[in-house]
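The values are calculated or read from the model by the stated rules, or taken from the named source; none is laboratory data. Keep in mind it's a predicted model, so treat the numbers as computed, not measured. Reconstructed Cβ throughout: ideal geometry from the backbone, glycine too, with neighbour counts over all protein chains shown.
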Amino acid sequence: IDSLIQFVKIEMFEERVICLSQNIYPAPEVTWATDPPTDSRSLQNFTRKTLDSKGLFTIESSVSMIGNTSDHTYFCSVVSMDEMQVWTASLHHQDELFGEEGSGLLVPCMVPQPRHNFTLTWTFIRTTESIVIFTYDSRTHRIANLWEGKAELDIDQAHLGNGSLHLLNPDSLGHSGAYICTFYGFQMRHQVQTHVNITVREYIIKCSNVFCVIFLYMYLSNILLITKIYILYMLLFFSKIYICNIYHMYYYNIL
């Protein structure tokens, strides 16, 4: 009795991309591709098929990563022996994305356009904590946004394969971490992973001599008087206009 393909899992481990599917009969075949395309000789795979006590096959196939981690999207297709079933999974690790506190940031997620109903999820991982922050079901049109008011995406674009997430007002503590975008549905699973680093905003103010002198005097209020006089003298002597790089002036009760 045939046992149909139920799922395909793809992941990166060290310098290899691994594709896995289980509980299948008869044994399927595996094919690999990349975007952008690469020479087949560069994409040689190692595939292992094992038979369990129930007579069902587990197939595991892997290829070496080509170039940098973010250079390619890897596609693994598991094909049934009669070629009536083709399950495809893809994985793309994007370059680290940098943003600034308080400034909106778009986390890209582009996959092949879904041909059937699909579910889109965004998972946020910080240290060992993993949480699904957004879910959309194209069949029921149901949306669950755990970060309502903090993140959003364009549902119409999601139906075209663009599930990019817009972080509206990120902060370094709450929004720095790994973001995993997953489209999954009938015979397909596509995943895009991005590490996001939100930095604390540095306020840069062009200021006149007088303003800088006042600010520095207040900032250095706990320093010995002679030291303050020396610093202010050097400041006035060597420059006419100063750039004050103020790191969260709120901490010093200036703004």
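A few notes on this one:
- Going through (1) over 21 Å from HIS159 (Cα atoms); (2) touching a Gly at 6+ places or on another chain (Cβ under 7 Å) one by one, THR127 falls short only on (2).
So that you can scan it fast, the table gives a plain yes or no per residue for (1) of a type outside the set (Ser, Thr, Tyr); (2) modelled with pLDDT under 95; (3) out of contact with any Phe, Trp or Tyr (no Cβ under 7 Å at 6 or more places or on another chain):
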| residue | (1), (2), (3) |
| --- | --- |
| HIS93 | yes, no, yes |
| VAL111 | yes, no, no |
| HIS116 | yes, yes, no |
| PHE124 | yes, no, no |
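- Restricting segment 49-76 to residues that are part of a strand (DSSP E or B) and in contact with an Asp or Glu (Cβ under 9 Å, 6 or more places away or on another chain), the residue that is surrounded by the fewest Cβ atoms within 10 Å (Cβ to Cβ): THR50
- Extreme residue, nearest to the chain's Cα centre (by Cα), among residues of segment 1-19 that are of a type in the set (Val, Ile, Thr) and more than 19 Å from VAL192 (Cβ to Cβ): ILE5
- For LEU4, the stated conditions do not hold, so it cannot be described as modelled with pLDDT of 95 or more and either in the same structural domain as PHE183 (by TED's automatic domain parsing) or not acidic (Asp, Glu) (or both).
Yes/no per residue for (1) in the same structural domain as GLN187 (by TED's automatic domain parsing); (2) in a loop (DSSP other than H, G, I, E, B); (3) more than 30 Å from VAL200 (Cα to Cα); (4) touching a residue at least 12 places away in the same chain (Cβ under 8 Å):
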{"site": "GLN113", "(1), (2), (3), (4)": "yes, yes, yes, yes"}
{"site": "THR119", "(1), (2), (3), (4)": "yes, no, yes, yes"}
{"site": "ILE125", "(1), (2), (3), (4)": "yes, no, no, yes"}
{"site": "ILE131", "(1), (2), (3), (4)": "yes, no, no, yes"}
{"site": "GLU148", "(1), (2), (3), (4)": "yes, yes, no, no"}
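- Here the condition is being closer than 28 Å to PRO36 by Cα and at pLDDT 95 or above; of GLU60, GLU152, it holds for GLU60 alone.
- Near pairs, Cβ below 7 angstrom, 6+ apart or cross-chain, from segment 31-42 (in contact (Cβ under 8 Å) with a residue 40 or more places away in the chain and at negative phi) to any residue that is in a helix (DSSP H, G or I) and not polar (S, T, N, Q): TRP32/LEU43; THR34/LEU43
- Scanning segment 14-34 for residues that are in contact with a Phe, Trp or Tyr (Cβ under 7 Å, 6 or more places away or on another chain), of a type outside the set (A, V, I, L, M, F, W, C) and under 12 Å from TYR74 (Cβ atoms) yields a count of 1.
- Which listed residue, of SER103, SER77, SER130, is under 22 Å from PRO28 (Cβ atoms) and small (Gly, Ala, Ser): SER77
- Inside segment 133-143, residues that are among the aromatic types (Phe, Trp, Tyr) and either touching a helix residue (DSSP H, G or I) at 6+ places or on another chain (Cβ under 9 Å) or not in a strand (DSSP E or B) (or both) make up a count of 1.
- For PHE211: the one exception among (1) of a type in the set (Phe, Trp, Tyr); (2) at pLDDT below 95; (3) not in a helix (DSSP H, G or I): (3)
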